[in-house]
Amino acid sequence: MLSEIQILTLLCGAPMHGYAIKQSFASVPINNNTLYTALNKFVKNGYVTREFVPQEKKSSKYMYSITPEGKNYLHSILVKFSRSDAASWLEFLVRLLHAEHLSDAELENIVRLRLEYLNSAAAENLPQKGVESITGLSNYQTVAEHISQRIENEKEFIFRFCRERGLNIS
């Protein structure tokens, strides 16, 4: 699903040929099978058009362009964010990276779900007095403190992101 989001987002910027799309995945490689399977699915469903472009002295290419239906599909993927999705940092981060495709209200809902998850995770990971003697884990306190600090750091990041975007998160 994440590669589909990335492909459609790239096509929102401008029409591209398959190799250019693949090159855009340089930091997180995508294999040809995944890329062209997704593109063929998008063409079949009307989310993307494919145009044959002959080239002089080079191999011919297909140019892919997103359709209005494709933009709607992309939006539907991004806005679909459940409580279980909120437990995934990657799923959350993808929504932030593609926030321009979401309304403020949709983005605020996604942020609230992630904050609810973080708050519940923080409550579950609070060190309890005497747990290390019951579990035999002498480093329990250190691990719990690390988890709590990571959660606080993420919450600070989220609130800064919301302030910069003018989102209303209380």
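The values are calculated or read from the model by the stated rules, or taken from the named source; none is laboratory data. Computed from a prediction, not measured in an experiment: that's the story for all the values here. Cβ placement follows ideal geometry from the backbone for every residue including glycine, while neighbour counts extend to all protein chains displayed. Areas reflect the complete protein model, heavy atoms only, side chains present, ligands, DNA and RNA absent. Shrake-Rupley method; radii C 1.70, N 1.55, O 1.52, S 1.80 Å.
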### Summary
Being touching a Phe, Trp or Tyr at 6+ places or on another chain (Cβ under 8 Å) and more than 25 Å from Arg150 (Cβ to Cβ) narrows Glu69, Glu106 down to just Glu69
### Message
Name the residue that is most open to solvent (accessible area, probe 1.4 Å), counting only residues in segment 1-18 that are over 20 Å from Leu90 (Cβ atoms) and assigned to a loop (DSSP other than H, G, I, E, B).
### Response
Pro15
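Yes/no per residue for (1) part of a helix (DSSP H, G or I); (2) of a type in the set (Lys, Arg); (3) modelled with pLDDT under 95:
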residue	(1), (2), (3)
Leu35	yes, no, yes
Lys57	no, yes, yes
Tyr62	no, no, yes
Gly70	yes, no, no
Ile77	yes, no, yes
Leu93	yes, no, yes
Glu100	yes, no, yes
### Summary
Checked Ile77, Ile21, Ile66, Ile30 against criteria (touching a Cys at 6+ places or on another chain (Cβ under 8 Å), of a type outside the set (D, E, K, R) and open to solvent by less than 40 Å² (accessible area, probe 1.4 Å)); the one match is Ile66
### Matching residues, segment 84-107, being open to solvent by 20 Å² or more (accessible area, probe 1.4 Å) and farther than 17 Å from Glu154 by Cβ
Ser84, Glu100, His101, Ser103, Asp104, Ala105, Glu106
### Query
Based on what the data block shows, is Leu126 farther than 30 Å from Val48 by Cβ and either at pLDDT 90 or above or open to solvent by less than 50 Å² (accessible area, probe 1.4 Å) (or both)?
no
### Task
Being open to solvent by less than 20 Å² (accessible area, probe 1.4 Å) and free of Cβ contacts under 8 Å to residues at least 24 places away in the same chain is the filter here, so list the residues in segment 33-46 that pass it.
none
### Task
Select from segment 19-33 the residues that are part of a helix (DSSP H, G or I) and farther than 20 Å from Leu97 by Cβ and list them in ascending order.
Tyr19, Asn32, Asn33
## Note on the structure
Pairing a residue in segment 3-15 that is among the small types (Gly, Ala, Ser) with any residue that is not in a helix (DSSP H, G or I), where Cβ atoms lie under 8 Å and the two sit 6 or more apart in sequence or on different chains, gives Ser3/Phe25; Ser3/Ile30
### Identity of the residue in segment 49-84, of a type in the set (D, E, K, R) and in contact with a helix residue (DSSP H, G or I) (Cβ under 7 Å, 6 or more places away or on another chain), that ends up nearest to Ile110 (Cα to Cα)
Arg83
